[in-house]
Amino acid sequence: MMPFALPGHPHIHYADNQLHVEGCHLDALASQYGTPLFVYSRASMLHALAAYQRGLKGRNAQICYAMKANPSLAILQVFAQAGCGFDIVSGGELTRVLTAGGVASSIVFSGVGKTRKEMREALLAGIGCFNVESEAEIDVLNTVALETGKIAPISIRVNPDVDPQTHPYISTGLKGNKFGITHQRALATYLHAASLPGLRIVGIDCHIGSQITQVAPYLDALERVLDLVTAIESAGIPIEHLDFGGGLGIHYKDETPPGADMLWHKLLERLDARGFGQRKLLLEPGRSLVGNAGVCVTEVLFMKPGEQKNFCIVDAAMNDLPRPALYQAFHTIVPLQQDKQAGPDAAVYDIVGPVCESGDWLGRERQLTLQAGDRLAVLSAGAYCMSMSSNYNSRPRCAEILVDGNHAHLIRTRDTISDQMYGEHLL
C-alpha cells in the first residue's frame, strides 16, 4: 500500500501497512512499552508552533503555551527550547515550567481561584504577569504583594460576552461563565486596581473559549477589547500589552479551523486599522499546539456482539481518555494495520473500555475489521487526555513516549500500584 498521512495529522502516517508517528512504528512501541500508551510527535508540535510564528513575524509578540493542555515535562521542555513562554493556572504548573527550563518572566498566571500561597510563590519567582479574574482577587493580590515586598504586574481578564460557538463546557467568554470581569465593570475595575500600591497594571486579557473553529468570534472579541483599551487609556491608565488568549480548534473529525497564521493575519489587519499594530501581544495557545501531535495506542481485549450493538472492549478507558465521557467528544480511531480499516469484513462497533461506568466509551458506531489482540490508535489525543487522566478503578496512568524522527524517548514511566498508594496509610 502507498504511504499516506492521516488528515490533519501530517506526521502520523501509514507505511508498509503499519501506522507510524514520524519514523517510529507504533506497533513496535506498543510491544516494547505496553498499552494503553501515549505517543507524541515533536515535529508536529513545532510544525503547529511555526504557524503562529509565521503569523506574528515582525511583531512584538510572546507565545505562551497553555500548559493545562498537556503538562508533561518533556513537552514543556520542547516549547521552552523553542522560545515559548507559558500560561499557567496553578502553583504546581509554575513548578513544572521552571523545572522544564521555562523563564519565569515569560509566565502568565491565569485562573479564577489562585490561593495566597500560589500568589506568593509566583511573586517570588518573578513571573511576568498575573491575569486577574475578579475584583476580590485584585484586593487579595495587592495584600500578598505588599506582604511579600513585591509589586505584582497584572492584566485584568475581561469577559467580552462573545459566543465562541463551541461546547458549553469549554466556552469562557459569555456573561454566564465564571471567568473574568464583565465588560461593563472593566473600566471601574481598572481604576480601582490602579489605586492599589502593590499592583502595576501592564495589560488587558481576553480568552473566550476552546476548540474555536471560526474567525468571527475572535474578531468580535478583539473589537470589544480595543474599545475598552481606548476607554481605559483615556482615563490615564496605560496598557502595555494585549493578551488575546488561545482557544484555536483542531481537526478531530470534519472541523476546518483556520490556520494560526491566517487567523493572526486577519487579527493583525484589524489591529493595524485601529492603530494598535505595534502594541505588545500575548497569546496562549494550548490544544492547537499539541492536540494533533498525540495518539493513544490501545489493544483490543474482547469482541462482544449484542442484539442492539456490537462492542469492542479495549484496554484504554475513560480514565485515560476522559474527553468522550466529559464532552461526548469525537476522536478518530484507526487500526495500526492499514488493511484493518473498513473493508468487506468490517462491522460497526462501539469502542469501550474496562471501567465500571456506562459512560466509559471512546468511540461510537465505528466501522472496522477487528479481532482480539489487534491494536488501535485514538487520534488527536495530545491535548486534554493525559493531562485530565486519573487512577480511577486503581488503573495505572499511562506511559508516554516523545518521538523525534526515528528516535523514541520514554518521557513518563507507567504507574505502578505502589506509585498509586504512595502517601496512603492504613489505620
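The numbers here are math on the coordinates, done by the rules we state, and not lab data. Quick caveat, the model's predicted, so the values are computed rather than measured. With ideal geometry, Cβ positions are generated from the backbone for all residues, glycine too; neighbour counts draw on all protein chains shown.
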> How would you rank PHE86, PHE276, going from fewest to most other Cβ atoms within 10 Å of each one's own Cβ?
Replying inline: PHE276, PHE86
>> Can you give the log10 of the normalised intensity I(q)/I(0) at q = 0.06, 0.07, 0.12 Å⁻¹, computed with Debye over equal Cα scatterers of the chain?
In response: -0.27, -0.37, -0.99
>> From the P(r) of region 110-285, could you give the percentage of C-alpha pairs in the tail past 25 Å?
In response: 33 percent
>> Taking the alpha-carbon distance from LYS253 and a cut-off under 30 Å, which lysines remain once sequence neighbours fewer than 8 residues away in the same chain are dropped?
In response: LYS68, LYS175, LYS178, LYS266, LYS304, LYS309, LYS340
> In what order do ASP227, ASP345 fall by count of nearby beta-carbon atoms within 10 Å, going from fewest to most?
Replying inline: ASP345, ASP227
>> Within the chain, which whole H helices from DSSP have a Cα span along their axis of at least 15 Å and a mean Kyte-Doolittle hydropathy of -0.5 or more, if any?
In response: 42-55, 135-148, 216-234, 260-273
> How fast does region 309-427 diffuse by Stokes-Einstein, in µm²/s, taking the Kirkwood radius from C-alpha pairs at 37 °C and 0.692 mPa s?
Replying inline: 207 µm²/s
>> Amide H of ALA15 versus every other amide H placed in the peptide plane: which residues, excluding those fewer than 5 positions away on the same chain, fall under 5 Å?
In response: HIS20
> Mind ordering 122-131, 98-107 by average Cβ neighbours within 10 Å, highest first?
Replying inline: 122-131, 98-107
> So what's the projected area for region 1-77, the Cα convex hull averaged over all directions, in nm²?
Replying inline: 6.9 nm²
>> Within a 10 angstrom radius of the beta carbon, how do LEU370, LEU268 rank from fewest other beta carbons to most?
In response: LEU268, LEU370
> Sequence-distant or interchain residues sharing an amide H contact under 5 Å with LEU370, placed H: which?
Replying inline: ALA347
>> Can you show me the helix-derived [θ] at 222 nm for the chain, built from DSSP H runs with n ≥ 4 at -39,500 (n - 2.57) apiece and divided by the number of residues, rounded to the nearest 500.
In response: -8000 deg cm²/dmol
>> For region 110-285, give me the percentage of DSSP beta bridges that are antiparallel, rounded to the nearest 5 percent.
In response: 5 percent
